[in-house]
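The values are calculated or read from the model by the stated rules, or taken from the named source; none is laboratory data. From a predicted model like this one, the values you see are computed outputs, not experimental measurements. A quick note on method: Cβ atoms are made from the backbone with ideal geometry, for glycine too, and the neighbour counts reach across all protein chains shown. Each accessible area value is taken on the protein alone, full model and side chains, heavy atoms only, with ligands, DNA and RNA left out. Shrake-Rupley method; radii C 1.70, N 1.55, O 1.52, S 1.80 Å.
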Amino acid sequence: MFHVKTLNHISPACREILTPDRYTISEEMEKPDAIFVRATNMLNYEFNPELLCIARAGIGVNSIPLDRCTEEGIAVFNSPGANANGVKELFVFGLSMASRDLLGAVNWVYHYHNDGVPVEVAMEKIKKQFSGPEYAGKILGVVGTGNVGSLTANIALDLGMTVYAYDPYLSVDAAWKVSRDVKRVADFGALLRSCDYLTLHVPLTDETRDMVDDDAIACMKDNVRIINYARGEVINEDALIRGLESGKIARYVTDFPTDRLIRTKNVVATPHLGGTTIESEANCAVMAAREMDDYLCTGNIKNSVNLPTLVQERSGMARLCIIHRNVPNMLASITSALSATDVNVENLTNKSRGNYAYTVVDVNTLVDHDVIQKIRSIGGILRVRALNH
Ligand SMILES: NC(=O)c1ccc[n+]([C@@H]2O[C@H](COP(=O)([O-])OP(=O)(O)OC[C@H]3O[C@@H](n4cnc5c(N)ncnc54)[C@H](O)[C@@H]3O)[C@@H](O)[C@H]2O)c1
C-alpha cells in the first residue's frame with residue numbers, strides 16, 4: 001500500500017489510477033511515499049525520508065526544489081503537453097486582446113452611466129477608441145516551440161498570420177508537431193526585429209529569466225504586441241514597463257500579473273488561467289497520477305524533470321531501483337555488492353542525466369534488507385528501493 005499526500009485538489013479521474021486497493025490518499029499525512037501537487041509552492045517544503053516521488057499536475061516546476069529533491073533521491077514528475085490545448089485557446093484570446101483594446105471596451109460598457117444617452121447610442125461614438133489592427137497578415141514570433149509553442153504557432157498560421165519561430169533546443173519529437181509553414185529563425189535578435197506580435201513559450205530557467213530585456217525590446221518593431229503565457233520572469237519587468245510607458249510596446253498580454261503591471265497602461269492580465277480548463281486539469285492530473293503509479297509500482301521513469309527516462313520490462317523475482325551520482329565504477333560496485341550476497345542479475349539498465357543516474361536491476365531472488373543495506377553503503381548512492389514481484 002502506498003501513501004499519497006495531496007497538496008491540492010486531485011481530479012476524481014486520478015482515483016481510477018490510484019485505486020484504494022493500492023493507495024491511501026489524504027491531504028493530511030506525515031510520512032507519504034508520494035506527493036501530488038498542482039499549484040502549491042514547495043520551495044521550502046521539508047521532505048520526509050520515506051518520500052519517493054512528487055508528481056506535479058502541470059508543466060512548470062520552478063516551485064519545486066529540484067536540486068534538493070535529486071540529492072534526497074526523490075523523483076519529480078510533471079505532465080508535459082497535458083494542458084497545452086488550454087494555453088493555446090487562451091493564446092487566441094490573447095491575440096485579440098493584444099490587437100484591440102477589448103479590455104477597455106468591456107470596462108467602458110460595464111461602467112457606462114446612462115445620463116440621458118442610452119448605451120447603444122453612446123457606444124457608436126466612442127467605439128473608435130478601442131480599435132486596433134487585425135492580426136491576420138501580420139508576423140508572429142514564437143519563442144519556444146514545445147508542446148504549447150507548437151500549437152500556438154500552428155493555430156496562428158490558421159488565423160492567417162506569418163509565423164517565425166526560435167527554439168535552439170527543439171527536440172526531434174517536438175519538431176514534428178510544428179507545421180512546415182512555420183519559418184525557423186536561428187537568431188533571437190532576428191526574430192525580435194521581424195515580428196509584429198511576439199509570444200513566449202519557454203520554461204523559466206537561468207537562461208530564459210529576463211531573456212526579454214531592454215536590449216531585446218530595443219530591437220523590436222515599434223508598436224510590438226507581446227503575449228506572455230510562459231512565466232512573468234522571462235521578461236524583465238523594469239524593461240517591460242519602460243517599453244509600455246514609452247509606447248514602444250503597444251500592448252502586453254500576460255497570465256502573470258504583478259502589482260506594478262496591473263497599474264501600467266496597456267497591460268491585459270489574467271490570473272494564471274492558461275491550463276485552467278476542465279480538460280487540461282483532468283489531463284494533467286491523470287498524466288501525473290500515471291507517472292507516479294508507474295514509478296511506485298515498477299520503478300520505471302517517464303517524464304521526470306530531475307532523473308533520466310528509464311523503462312525496463314519486468315523480469316526475475318525482484319527489482320532494485322537505485323538513484324545515484326553519475327560517477328565512474330558505480331555499476332561495477334552495484335553488481336559486485338549483489339554477487340557478494342549471491343544475488344544473480346537477470347537484467348540491468350542504467351541511464352544518466354547530468355550529475356545523476358538511475359539504475360534498475362532485475363534479479364532472480366527476493367531481495368532482503370541486507371542486500372539493500374550493502375548497496376546503500378556504496379559511496380554516491382542516494383536511494384535504493386526493492387520491489388519484490
Ligand atoms: N499560463 C499557464 O497556465 C501555463 C500552462 C502551461 C505552460 N506554461 C508555461 O509555458 C512553458 C512552456 O510549456 P510547454 O508545455 O510548451 O513546455 P515544453 O517543454 O514542451 O516546451 C518548451 C520549449 O522551450 C524551448 N526552450 C527552452 N529554452 C529556450 C530558449 N532559451 N530559447 C528558446 N526556446 C527555448 C525548449 O526547447 C522547448 O521546445 C512552461 O515551462 C510553463 O512555464 C504556462
Residue 218, sole failed condition from (1) outside any helix (DSSP H, G or I); (2) more than 12 Å from the ligand (Cβ to nearest atom); (3) loosely packed, with under 13 Cβ neighbours inside 10 Å: (1)
Residue list for segment 266-299, filter: under 28 Å from residue 341 (Cα atoms), buried (at least 21 other Cβ atoms within 10 Å of the Cβ) and either within 12 Å of the ligand (Cβ to nearest atom) or not aliphatic (A, V, I, L, M) (or both): 295, 299
Residue within segment 206-214 that is assigned to a loop (DSSP other than H, G, I, E, B), away from the ligand (no atom under 14 Å from the Cβ) and either open to solvent by less than 60 Å² (accessible area, probe 1.4 Å) or in contact with a strand residue (DSSP E or B) (Cβ under 7 Å, 6 or more places away or on another chain) (or both) present: no
Tally of residues being farther than 17 Å from residue 72 by Cα and either surrounded by 20 or more Cβ atoms within 10 Å (Cβ to Cβ) or among the charged types (D, E, K, R) (or both) across segment 354-376: 9
Segment 300-320: number of residues that are of a type in the set (A, V, I, L, M), surrounded by fewer than 22 Cβ atoms within 10 Å (Cβ to Cβ) and under 22 Å from residue 23 (Cβ atoms): 2
Cβ-Cβ under 7 Å pairs, at least 6 apart or on other chains, segment 120-134 side part of a loop (DSSP other than H, G, I, E, B), far side open to solvent by 40 Å² or more (accessible area, probe 1.4 Å): 131/100; 132/100; 132/101
Total residues in segment 160-204, condition part of a loop (DSSP other than H, G, I, E, B) and either within 9 Å of the ligand (Cβ to nearest atom) or in contact with a strand residue (DSSP E or B) (Cβ under 9 Å, 6 or more places away or on another chain) (or both): 19
In segment 235-263, the residues that are hydrophobic (A, V, I, L, M, F, W, C) and either within 17 Å of residue 274 (Cβ to Cβ) or surrounded by fewer than 14 Cβ atoms within 10 Å (Cβ to Cβ) (or both): 235, 253, 256, 261, 262
Segment 242-265, subset out of contact with any strand residue (DSSP E or B) (no Cβ under 7 Å at 6 or more places or on another chain) and under 20 Å from residue 130 (Cβ atoms), residue farthest from the ligand (Cβ to nearest atom): 247
Residue that is farthest from the chain's Cα centre (by Cα) [pool: residues in segment 113-159 that are away from the ligand (no atom under 16 Å from the Cβ) and small (Gly, Ala, Ser)]: 116
Residue match in segment 103-116 (condition: modelled with pLDDT of 95 or more and among the charged types (D, E, K, R)): no
Pairs, first farther than 28 Å from residue 52 by Cβ and among the small types (Gly, Ala, Ser) in segment 77-90, second near the ligand (Cβ under 9 Å from one of its atoms) and assigned to a loop (DSSP other than H, G, I, E, B), C-beta under 7 Å, six or more apart: 86/274; 86/275; 86/276
Elements of type strands (runs of 3 or more DSSP E) contained in segment 13-84, each with 2 or more residues being open to solvent by 70 Å² or more (accessible area, probe 1.4 Å) and of a type in the set (A, V, I, L, M): none
Matching option when the condition is open to solvent by less than 30 Å² (accessible area, probe 1.4 Å) and out of contact with any Gly (no Cβ under 6 Å at 6 or more places or on another chain), among 334, 323: 334
